[in-house]
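K.L.:
There's a structure below that I have some questions on.
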Amino acid sequence: MSSHRYRQWVRAGAIYDLIVTAPFATPWSFSLVHTVLGTVSPLPAFEPLHVFFANLLGSIVVMWAVLRIRRPEPILGLFDAFGRILFFTWMIYYLVGYHVTPVLWGFAAFEFFWGAVQLYGFRSLCQMQSAPPSREKRPLPLSEDRPFRFEPKEDPLQEK
């Protein structure tokens with residue numbers, strides 16, 4: 001994967017985060033989200049302290065998303081992937097262990113997707129950058145008595 005393509009993935013994940021978590025950043029928008037999600041699947045009533053933590057989560061994720069939209073650097077994509085692994089882990093923990101609202105399955109699926117894409121992309125980018133530089137294109141040196149065998153020539157860069 002090219003650096004440009006990987007940066008596009010990092011930015012796309014950040015845009016997704018901004019859209020999904022911005023409503024969690026204020027008490028008023030969170031109240032609306034809580035009501036809408038509650039129509040899909042029953043949700044418990046939130047006390048002010050619960051809303052406070054939802055707002056903190058929303059605020060920090062919005063700031064993190066804006067950073068990655070403005071500067072979608074590969075290292076930020078890697079750290080985001082690690083964060084998504086943590087989010088996904090805790091989502092599965094509560095889904096399986098405590099049978100919380102099934103709405104969380106949708107969020108978990110997207111966390112897994114964006115984490116996997118960014119981990120794969122970063123790994124691919126590292127492999128591409130650590131590959132030896134390609135030499136000029138030239139035909140393979142084949143011997144006449146073994147026309148389908150590769151006969152390596154002496155490496156001119158190797159010391160004698």
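K.L.:
Kindly indicate which of 19, 15, 60 is among the hydrophobic types (A, V, I, L, M, F, W, C), in contact (Cβ under 8 Å) with a residue 40 or more places away in the chain and exposed (fewer than 15 other Cβ atoms within 10 Å of the Cβ).
P.N.:
15
K.L.:
Let me ask something else. Sort out which residues of the range 70-103 are touching a residue at least 40 places away in the same chain (Cβ under 8 Å), surrounded by fewer than 16 Cβ atoms within 10 Å (Cβ to Cβ) and under 13 Å from the mean Cα position of the chain (by Cα), and write them in order of number.
P.N.:
73
K.L.:
Hey, does the range 7-30 have a residue that's modelled with pLDDT under 95 and not small (Gly, Ala, Ser)?
P.N.:
Step one: filter the range 7-30 for residues modelled with pLDDT under 95, giving none.
Within the range 7-30, not a single residue is modelled with pLDDT under 95 and not small (Gly, Ala, Ser).
K.L.:
Additional query: Do the conditions hold for residue 140, that is, is it part of a loop (DSSP other than H, G, I, E, B), among the hydrophobic types (A, V, I, L, M, F, W, C), at negative phi and at pLDDT below 95?
P.N.:
Numbers: part of a loop (DSSP other than H, G, I, E, B): yes; among the hydrophobic types (A, V, I, L, M, F, W, C): yes; at negative phi: yes; at pLDDT below 95: yes.
Yes.
The values are calculated or read from the model by the stated rules, or taken from the named source; none is laboratory data. Predicted, not measured: the structure shown is a model, and the values here were computed from it. Backbone-built Cβ (ideal geometry, glycine too); neighbour counts: all protein chains shown.
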